[in-house]
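A quick write-up on the structure given underneath.
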Amino acid sequence: MKTSEVDILIVPGWQDSGPDHWQSRWERNLRTARRVIQQDWDNPEVEAWGDRMAKFAGGATQPVVVVAHSVGVAATIFAADKLKRNRVIGAFLVAPADLDHADFWPDTGGKRWPPEKGARGFETMPERRLPFPAHVVVANNDLYCSYARAEHLAGKWGATLSDAGESGHINIASGHGPWPEGLLQFGQFLKKLG
C-alpha cells in the first residue's frame, strides 16, 4: 500500500505534538493524514481518547493506519478493538511511553505524569495482542521507555520492532522534526500491509 491508499490517523500523546514535531509535519505533508483532536490533551481519559480516535477513524473513506507517539501509543492499544471496528488495518507505534514506569519519566513541558487532575484509565500499560498488524519504533536511550520494555510490549502486542538507535523520545527535544528515517520505515510498514 501507498500513503495515498490509506487514511492516516495521527495520534499524538499527552499534551499533543507541537507544530514542528514530525507528526505535525506528516499531517501537513501527507495528503490523507489527519490528526485526532482530543478534548483534553493535559488530563487524558482512556475511554474519551479511545472514543475520539474511533470517531475520527469512522469518518475515513479508505482503510485506516494509525500513527501514534508516546502516550498516544498506549491510547491506541487500549482502543484497539474500537479502532478495528472502524476500518483500522494497522498501527505504526513510535516511542511508546511506559505508563508502568512513569515515575522515572523526565518533566514533559514542565509537568509530571500523572497530570494534576489525573489520567483516568492510563494507570497500567496494556499487554494484549492487537487485532491488526503493528510496528513499534523505539530508541535504545528513550527516557520514557527502555528498549527492553518496548521489546517485551511489542511481543505482547504481536508487533514487529525496530531500534532507532540513540534517538531519545523521537520528538522535537531529541532533534526529530522532519524524521525522514521514520517516513521510510512507515512506507515499508505500509508495503507489508498490502
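The values are calculated or read from the model by the stated rules, or taken from the named source; none is laboratory data. For clarity, every value in this text was computed on a predicted model and none was experimentally measured. All Cβ positions, even for glycine, are placed from backbone atoms using ideal geometry, and neighbour counts span all protein chains on display. SASA here: full protein model, heavy atoms, side chains in, ligands and nucleic acids out. Shrake-Rupley method; radii C 1.70, N 1.55, O 1.52, S 1.80 Å.
Remark: the Cα gyration tensor places the range 69-180 in the oblate category, a/c being 1.5 or greater and a/b not exceeding b/c.
Centroid-to-centroid, using Cα positions, the range 1-65 and the range 106-123 are 21 Å apart. In this calculation the C-beta distance from residue 128 to residue 104 is compared with R0 = 25 Å, giving a FRET efficiency of 0.60. In order along the range 20-36, the phi-based Karplus estimate (6.51 cos²θ - 1.76 cosθ + 1.60, θ = phi - 60°) of 3J(HN,Hα) comes to 9, 5, 4, 5, 5, 5, 4, 4, 6, 9, 9, 3, 9, 8, 8, 8, 6 Hz; Gly and Pro are listed as x. Figure legend: label point modelled 7 angstrom from the Cα of residue 40 along Cα→Cβ; residues of the range 113-136 with amide N under 19 Å from it are 113-124. Per residue, the accessible area of the range 1-49 comes to 46 Å², computed with a 1.4 Å probe over protein heavy atoms only. Solvent exposure of the range 67-124, expressed per residue, is 44 Å² of accessible area, with all protein chains present and a 1.4 angstrom probe. Rounded, prolate or oblate: which one fits the range 106-150, using the alpha carbon gyration tensor with axes a ≥ b ≥ c (rounded when a/c is under 1.5, else prolate when a/b beats b/c, else oblate)? Because a/c hits 1.5 or more and a/b fails to exceed b/c, the range 106-150 counts as oblate.
Of the trypsin sites (Lys or Arg not before Pro) found in the range 71-151, those in coil by DSSP whose Cβ has at most 15 other Cβ atoms within 10 Å are 85, 112, 117, 120, 128, 129. Beta-bridge orientation, the chain: approximately 5 percent antiparallel, per DSSP, counting only bridges with both partners inside.
Applying a DSSP loop filter and a limit of 11 other Cβ atoms within 10 Å to the GluC sites (Glu not before Pro) in the range 106-194 leaves 116, 166.
Candidates 193, 168, 74 compared by Cα position along the dipole of the chain: farthest toward the positive end lies 193, with charges placed on Cβ. What distance in nm separates the simple spin-label points at residue 140 and residue 51, each placed 7 Å from Cα in the Cβ direction? Taking the simple label geometry, residue 140 and residue 51 are separated by 4.4 nm. For the range 55-158, give the share of DSSP beta bridges that are antiparallel, in percent and rounded to the nearest 5; count only bridges with both residues there. Around 10 percent of the beta bridges assigned by DSSP in the range 55-158 are antiparallel ones. Residue-wise HN-Hα couplings along the range 78-83, as the Karplus relation 6.51 cos²θ - 1.76 cosθ + 1.60 with θ = phi - 60° gives them from phi, are 4, 9, 3, 5, 4, 5 Hz; Gly and Pro carry x. Of the trypsin sites (Lys or Arg not before Pro) found in the range 15-74, those in coil by DSSP whose Cβ has at most 11 other Cβ atoms within 10 Å are 31. Put one equal scatterer on each alpha carbon of the range 3-143, apply the Debye formula with no solvent term, and list log10 I(q)/I(0) at q = 0.19 1/Å to two decimals. After summing over all Cα pairs, the log10 values are -1.13. Split the accessible area of the chain by element, probe 1.4 Å, and carbon with sulfur accounts for 50%.
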